[in-house]
Structure formats: C-alpha cells, structure tokens
1. Rounded to whole Hz and in sequence order, give me ³J(HN,Hα) for region 26-33 from the Karplus expression 6.51 cos²θ - 1.76 cosθ + 1.60, θ = phi - 60°, writing x for Gly and Pro.
2. Just flag the GluC sites (Glu not before Pro) in region 12-68 sitting in loop per DSSP whose Cβ has no more than 14 other Cβ atoms within 10 Å.
3. Keeping all protein chains in place, calculate the accessible area per residue for the chain (probe 1.4 angstrom), answer in Å².
4. Compare the Cα positions of TYR47, TYR19, LEU8 along the charge dipole of the chain (+1 at Cβ of Lys, Arg; -1 at Cβ of Asp, Glu; about the Cα centre) and return the one farthest towards the positive end.
5. With a bin width of 10 angstrom, please list the P(r) values of the chain as percents of all Cα-Cα pairs, from the 0 bin to the one holding the largest distance.
6. Only four residue types carry charge here, +1 at the Cβ of Lys and Arg and -1 at the Cβ of Asp and Glu. Report the dipole size of the chain about the Cα centre in Debye, rounded to the nearest 20.
7. Counting alpha carbon pairs within less than 8 Å and at least 6 residues apart, what relative contact order, in whole percent, applies to the chain?
8. What does the charge count around HIS40 come to, taking other residues whose C-beta lies under 10 Å from its C-beta (Lys +1, Arg +1, Asp -1, Glu -1)?
Amino acid sequence: MEDFSESLIESLSKKVKEYPRFSKGEIEKFCWMAVHEYKHGVLPSEYDIREIDEDLYLKLLQELKSKI
C-alpha cells in the first residue's frame, strides 16, 4: 500500500463528512466519491467507470471507520 500524507487523508476525511446526505451506513460510497473527485477533479456521474486509486480509497475508508 502506498504511503499517503496525513494532511491528504485528513482533507479527504473532512470532505467525505461534508457531502450532502452523508451517512455512516454508506461510508464506502462517500469515500469512493471523495477519491474520485480528488483524482479526476469532479464528482462521479451515475455510471462513471473511471479508475480511482484503490490504495488511497482503502486508506481513507480505514481512517474514517476507525473514527466512527
């Protein structure tokens, strides 16, 4: 797994929690959205199949789950 800066993970964690309709029950979806937006500069559309950085996604998901 890649090493990501604490500030990046913290920034993305904050972004996830600020999304409209954020819910802890859909944390995987919101983490995916944040990583997608970080990589591509836009939120995903309904059927967006562009790649995301899976290591970053897993790190962000782990971070948020540990704080909930």
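1. Here the 3J(HN,Hα) series is 10, 4, 4, 4, 5, 5, 4, 4 Hz.
2. GLU46, GLU51
3. Working: 4780 Å² over 68 residues.
Computed with neighbouring chains in place, this is 70 Å² per residue.
4. Of TYR47, TYR19, LEU8, it is TYR19.
5. 21, 59, 20, 0
6. On the way: 11 positive and 15 negative charges, 87 e Å.
It comes to approximately 420 debye.
7. With pairs under 8 Å counted, the relative contact order is 38 percent.
8. -1
The values are calculated or read from the model by the stated rules, or taken from the named source; none is laboratory data. Please read these numbers as outputs of a predicted model, since none were measured by experiment. Positions of Cβ are generated from backbone atoms using ideal geometry, with glycine treated the same way; all protein chains shown enter the neighbour counts. Just the protein is used for accessible areas: all its heavy atoms, side chains included, with ligands, DNA and RNA removed. Shrake-Rupley method; radii C 1.70, N 1.55, O 1.52, S 1.80 Å.
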